[in-house]
Every structure is written in structure tokens, then in C-alpha cells.
Amino acid sequence: MADTIDDQQTNPAPAGSLRELMHVAFPLVISAGSLSLMNVVDRIFLAQLSIDALAAAMPAAMLSWTSMSLAFGMAGYTNAFVSQYEGAGRKDRVAAAMWQGIFVALAGGISLLPMILFAPEIFGLMGHAAHVQQLEIEYFSWLCPVAIPTLLSTVLTAFFTARKRTAVVMWVNIGTSLLNAAAAYSLIFGAGPMPGLGMKGAAIGTVLAQSLGAVCLAALMFRDGKREGYRFRENFGFDLELIRRMIRFGVPNGIQMLLDVGSFTVFIALVGRLGTEDQAATNLAFTLNSLAFVPMIGMGTAVVTLVGHRVGERKPELATRTVWIAFALSGGYMLLFALIYLSVPGVILYPFMHGDEVALFEAMEPTVIMLLRYVALYTFFDAMAIIFGSAVRGAGDTMFSLIFTVVGGWLLMVAPTIWAIRNGYGLHGCWIAVSVTVIVMGLGFLFRFQQGHWKTMQVIEEDPLEGLP
């Protein structure tokens, strides 16, 4: 299998071409799609337990993502550094950047474990129904350790995506998703003599699957490093100059992710105040939206990678061409899902309409279908935000992304949602705020990309040997 992957990844493609983009992006889209499907499968299983379990899953999962998002944004920005070093042909700096990213991931993941102690107080502040709160606390507490393998996998993935060997990431993530599905089903409902663990089982299955995925990526990275001369052993250790540079660009990226994910977490918590059914309907709509949104995160990662390569090679005009090709593909994909949400919502809702509370889910179905119309309205602009936002961040324009995300997430979504709930505008008012936010974010990142400031940016230091005979 490893040799097949290697053969696939060494197939050359013209720089800036559709072929090059698909060579990098297709495995990442499949990879992200498999992780999205993993979350959907988990929610389908939890829906079999109860509507309360479905309602509790997303606030708990979003709090988990929010707590790790600062470290995740910093760790994820390793990809930009590795891509630019790879584009500049500096293997020693690739290895050094990987080690700094691994240190950040380990420190970030371990530091989040004490969050478990504060889970009762945090979910108590959300004001959800008491029985839903108990499920939220249970799920979050067992899911919290997933931060360590998730952050490590994010960094380890950068070594392969930056070198355009994304099939490795695809196969590992597909395996992770299959393992998660099997483990989650067995642990939620029980298998043989093992009793079902319910919400706890879903979280444990995710932790086990993500941990195995991180181990596989680490083994493959060290294998490739030894084979291709990246000298991980010689470059092990803290590089203070590189750490400072990664903090300079990575911290704004991490803060952006913290505020971005945090705003959606607060939004979901606020919607929960409208009642368990509205909370469950919102969670289900976002879960179905992830089928369109999350795979395009893979396309965004490909854009970060290729823009980083072109910036490292000092060929921004090729990066521009790649970004527009990526947007054409992503926009078309999102419009296809918008059509699905509008025309056949019952088909994608069907897997959730089983279990012990069928009548409750059937009563909730019209609300979910109504929410999917909002998703269909903004999904094309989601593609804009992903692709053009990834392009400017890949070059190093992280401060604009940070400021723009704060304005979009908190002033355009959270604040209007609070106003809508207090003034009796209900679920419609909340989702209008979401839709306006995504549309503005998409147009804003498009405008920033068109300004072209990113073309003169670079996150890596100058090569001291450049220009020498």
C-alpha cells in the first residue's frame, strides 16, 4: 500500500494547473469528507439513543473544538511553514518546523485536560435542560483527551500535504473513520458481553480512532524522513528563532480559530435556550451542512499548500490561477449541495428518523427542512470564505483574517442572535444572523484576495545561501 501511495504522489503535474490542484486536493477532500462522515455517523448513532443525546452532542463537541482551537490554529499553521520551506528546497528547515509544530501540539493538548474539571459550570451557564446538560458534561469529559491526538495529527499531516503527498493523509483518515464507526457502534450500544456505554461510548470511540491515526502518521513521517533525507534526528529540539516566527504568524491564526469556533459555540448555546427541539434541529442542520462544508476544508488545505509553495518559489501569479480554479470547483460543489438541501431534504434526513423517539424526530423534521433552506442560501459564500481565506492565510496574511473573523463572528452573528432571542424572533432570527455572517465573510475574503497584499508576504526567513555561487 505504501509503495502505491508513493507512486501516486510522484506523478508530476504542471504548476498552477487543474491537474496539480486535483493531485493535491482530491485526497484531502476525500480525507476531510471521511472525517465529516465520521461525525455524521456518530450523530446517527446518538439519534438512536434519544433526541436529548442528539441535542447534547454538538454543544459538547463544539466546546471541545473551542477549547483546542487556539492550539489547533497554531499547530495547523505548521503547514504554511513547511510548504514554503519545501517550495524553497530547504529540507533541514522542514524537519525543524515539524518538530516545533509537534511541541506546540503536545503542549496544547495536555494543557486542555483540566477543562474536564470545569465542564459542569460551563454547561450550567448555557442554561439548557437539566437532562441535556448531564449528557453534555458526560460527552465532553470523555471527549476532551482527543485534543492530544487531534493536534498531533494536524501537525503530522502538514509533512505530507506540503510535499503534495496527500494520498497518505487520505488513506490514514479513511482508516480512522472506519475504525471510529466500528468502535462507536460497539461502545454506544454494546457488543457481545460488553454493555453499551451510550454518550460515553461515542466519545471513547473517537479518542481511540484519532489516537491510532496519529500513530500511523508519525510512523510514516519518520519512515519518509529517513528515506528522503529530512534528518529529523539531527533537527530535533527547540529552535527559538523559528518558534518566534511560528508564534508571530501562528498565534493570530490560532486566535482567529478560537474566536471563529467560539462564536459558533456561543450561537449553539444561545439557540439551546429556545428549547431542546430547536437545539436538536439546529444541531442536525449543522451536521448535514458539514457534508458540504467539511470536504471543502480539504480543498482549503490544498490552497494553503500550493499558495505556500508558490510564495516559497516567488511565483504568486501561479498561486492566483490555482486559487480561482479551486474556487470554481468548490463553488460548484456547494451549489450542488444547495440543490440537494432544497429539493430532497428528506433523503438526507432519513437515516436519523429511526430509534425509540421516531415521533419526536418526525415532528422536528419540518423545522430542520426550514433550516436547510438557510444553509442553501449561504453555502456558496461558504466556498468563498474557505478558498479565499485559505489563500491569504497561506501567504501569511493572518492578522486581517483575525480581525475580520472577530467582526463577522461576534458582531454579525452572536450579538444579533442575542437580540433576536430577547425580542422574540426565535429560530428564524438566529439563522438570519448566521446567513448574513457567512455571506459577509465570503465577500470580505474575496475582496482581500483581490487586493493582492498577500502576494508580497512570506512567513519564512530568507535563505542565507541564496545568491551565493
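The values are calculated or read from the model by the stated rules, or taken from the named source; none is laboratory data. Since the model is a prediction, treat every value here as computed from it, not as a measurement. Here the Cβ is made from the backbone with ideal geometry for all residues, glycine too, and neighbour counts use every protein chain on show. Quick note on the areas: whole protein, heavy atoms, side chains included, nothing else; ligands and nucleic acids left out. Shrake-Rupley method; radii C 1.70, N 1.55, O 1.52, S 1.80 Å.
Summary of values
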{"quantity": "Stokes-Einstein D in µm²/s, Kirkwood radius over Cα pairs - the range 152-206 at 4 °C with 1.567 mPa s viscosity", "calculated": "103 µm²/s"}
{"quantity": "Farthest toward positive dipole pole in the range 228-299 [+1 Lys/Arg, -1 Asp/Glu at C-beta], among Ile297, Phe249, Phe238", "calculated": "Phe238"}
{"quantity": "Inter-part distance where the range 126-201 and the range 312-386 are each reduced to a Cα centre, Å", "calculated": "23 Å"}
{"quantity": "Arg231 accessible area, assembled protein chains, probe 1.4 Å, Å²", "calculated": "130 Å²"}
{"quantity": "Neighbourhood net charge (11 Å Cβ-Cβ; Lys/Arg +1, Asp/Glu -1) for Lys164", "calculated": "0"}
{"quantity": "Those lysines that a straight Cα-Cα span of less than 24 Å connects to Lys455, excepting residues fewer than 8 apart in one chain", "calculated": "Lys91, Lys164, Lys315"}
{"quantity": "Size of electric dipole in the range 6-132: Cβ of Lys, Arg +1 and of Asp, Glu -1, about Cα centre, debye, nearest 20", "calculated": "200 debye"}
{"quantity": "Value of [θ]222 nm, deg cm²/dmol, for the chain, DSSP H segments ≥ 4, -39500 (n - 2.57) each, nearest 500", "calculated": "-27500 deg cm²/dmol"}
{"quantity": "The range 184-249, dipole about Cα centre (Lys/Arg Cβ +1, Asp/Glu Cβ -1), debye to the nearest 20", "calculated": "120 debye"}
{"quantity": "Neighbour net charge for Phe26 - beta-carbon separation under 13 angstrom, K R +1, D E -1", "calculated": "+2"}
{"quantity": "Only Lys, Arg (+1) and Asp, Glu (-1) charged, at Cβ; the chain dipole about Cα centre in debye", "calculated": "980 debye"}
{"quantity": "Local electrostatic count at Ala391 - Lys and Arg +1, Asp and Glu -1, tallied over other residues with Cβ under 11 Å", "calculated": "+3"}
{"quantity": "Normalised alpha carbon radius of gyration of the range 145-278 [divisor 2.2 N^0.38 Å]", "calculated": "1.36"}
{"quantity": "Length-normalised contact order of the chain in % [C-alpha pairs under 8 Å, at least 6 apart]", "calculated": "24 percent"}
{"quantity": "Separation of the Ala415 and Val358 label points, Cα + 7 Å toward Cβ, nm", "calculated": "4.8 nm"}
